[in-house]
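What follows is one structure encoded as structure tokens, with my remarks underneath.
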Amino acid sequence: MSTFLHQRPLHNVLSDPYPLSPRSPSSNPKPSSIFNKTTLLIFLSLLAILGVLFPWAGAPIALFVGPRISESRWRGYTLAEAVSSVARNGSVIVCAVSQPYLPFLNNWLISIVRQGHHEKVLVIAEDYATLYKVNERWPGHAVLVPPAPDAQTAHKFGSQGFFNFTSRRPRHLLQILELGYSVMYNDVDMVWLADPFPYLRGEHDVYFMDDMTAVKPLNHSHDLPPPGKKGRTYICSCMIYMRPTNGAKLVMKKWIEELQAQPWSKAKKANDQPAFNWALNRTAGQVDLYLLPQVAFPTGGLFFKNQTWVQETRGRHVIIHNNYITGFEKKIKRFHDFGLWLVDDHALESPLGRL
């Protein structure tokens with residue numbers, strides 16, 4: 001009997017005018033009829049009904065009625081449906097997230113909420129746990145494009161799992177472009193300090209940021225920089241904005257081709273960024289490309305390591321990328337050190353709340 005009491009929801013116990021109490025040694029040894037088979041069946045039936053009427057109910061109901069209806073709904077949610085639902089003025093902001101990166105997603109979202117652009121955010125979940133968690137808190141803002149990568153190997157930079165995870169990105173972006181939407185992609189280890197959309201000037205096909213740490217003049221060229229020592233540019237694939245033009249689609253197709261031509265191996269631990277640069281280099285004459293201003297979109301190797309430059313350009317920074325460092329704990333600590341880890345004190349500003 002005490003086991004059953006432990007499983008009863010607390011609010012039921014408090015509202016019961018005749019709560020059950022443990023039987024003393026002097027009590028009648030005859031078992032109470034309240035726990036007979038009929039009562040138990042009625043109890044389970046009520047739980048099943050609640051599971052249908054309230055699909056967001058907690059785990060105790062799910063244990064009796066199986067997978068929640070909400071989960072089966074999101075499992076069939078398509079990228080086309082998701083983009084159509086969240087897009088605003090023909091554009092959508094996209095990130096790709098697996099479960100270990102959920103704190104970074106929340107941190108990034110808080111910064112976007114402050115700029116008023118969060119409603120057009122779409123989270124491409126790379127595992128079902130992320131899909132269900134985001135849609136539970138923020139219905140319709142997460143989608144999973146099958147098949148999901150192996151959740152256990154998709155997080156370590158330089159691993160084959162990480163390559164498999166990131167190499168899916170251009171396919172997602174190409175599909176969104178082919179649906180007729182403009183799309184901004186961000187890594188979630190970024191923070192918005194200002195609204196980036198005023199910087200997306202003109203009608204260019206693809207906008208991107210430099211990943212070099214060398215300081216550029218404030219009036220630097222917006223053309224694709226010249227190739228470096230490896231014969232290609234060093235543009236970051238972390239922040240991309242594209243209009244649904246033939247030029248932008250061509251870059252995504254070339255990116256996919258380059259990833260296929262340079263697969264991951266133990267000898268050559270490839271990632272998606274070199275392939276993106278080769279795609280830009282090989283389409284430069286056919287596509288209208290635009291390099292975003294360094295002062296507004298600095299790489300982490302500049303912003304976090306050149307404090308003289310940061311002070312000289314204070315007030316002009318728009319999106320900060322926490323790269324040039326690896327490891328969850330190291331990234332979080334650096335965000336903490338620079339006052340950019342918002343989750344601890346401002347989680348309620350996120351549409352996901354506290355995770």
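FYI, it's all coordinate maths here, none of it is from the lab. The structure displayed is predicted, hence computed values, not measured ones. Every residue, glycine as well, gets a Cβ built from its backbone with ideal geometry; the counts of neighbours run over all protein chains shown.
Using amide H atoms built 1.01 Å from N in the peptide plane, name the residues 5+ places from V94, or on other chains, whose amide H lies under 5 Å from its own.
L122, M184, Y185, N186
As an exercise, use a Förster radius of 35 Å and the Cβ-Cβ distance of D288 and E81 to find the FRET efficiency, rounded to the nearest 0.05.
0.70
What relative contact order, as a whole-number percentage, does the stretch 174-294 give when Cα pairs under 8 Å and 6 or more residues apart are counted?
Once normalised by length, the contact order is 39 percent.
Modelling each spin label as a point 7 Å along the Cα-to-Cβ direction, I'd like the N219/D337 distance in nm, to one decimal.
3.6 nm
Obtain the nm distance between the two label points defined at I325 and K229 by a simple spin-label model: each point lies 7 Å from its Cα along the Cα-to-C-beta direction.
Output for this residue pair reads 2.5 nm.
The stretch 169-244 to the stretch 93-133: how many Å between their Cα centroids?
Going from one Cα centre to the other spans 19 Å.
What is the projected area of the convex hull of the Cα atoms of the stretch 171-275, averaged over all directions, in nm²?
Mean projected area of the Cα convex hull: 8.3 nm².
Over all directions, the average projected area of the alpha-carbon convex hull for the stretch 203-355 comes to how many nm²?
11.6 nm²
From the backbone phi of the stretch 84-100, what are the Karplus-calculated ³J(HN,Hα) couplings (6.51 cos²θ - 1.76 cosθ + 1.60, θ = phi - 60°) in whole Hz, Gly and Pro given as x?
4, 6, 9, 4, 10, 6, x, 9, 9, 9, 10, 9, 10, 9, 10, 3, x
Measure off 7 Å from each Cα along the Cα-to-Cβ vector at E119 and T308, then give the distance between these two points in nanometres to one decimal.
4.6 nm
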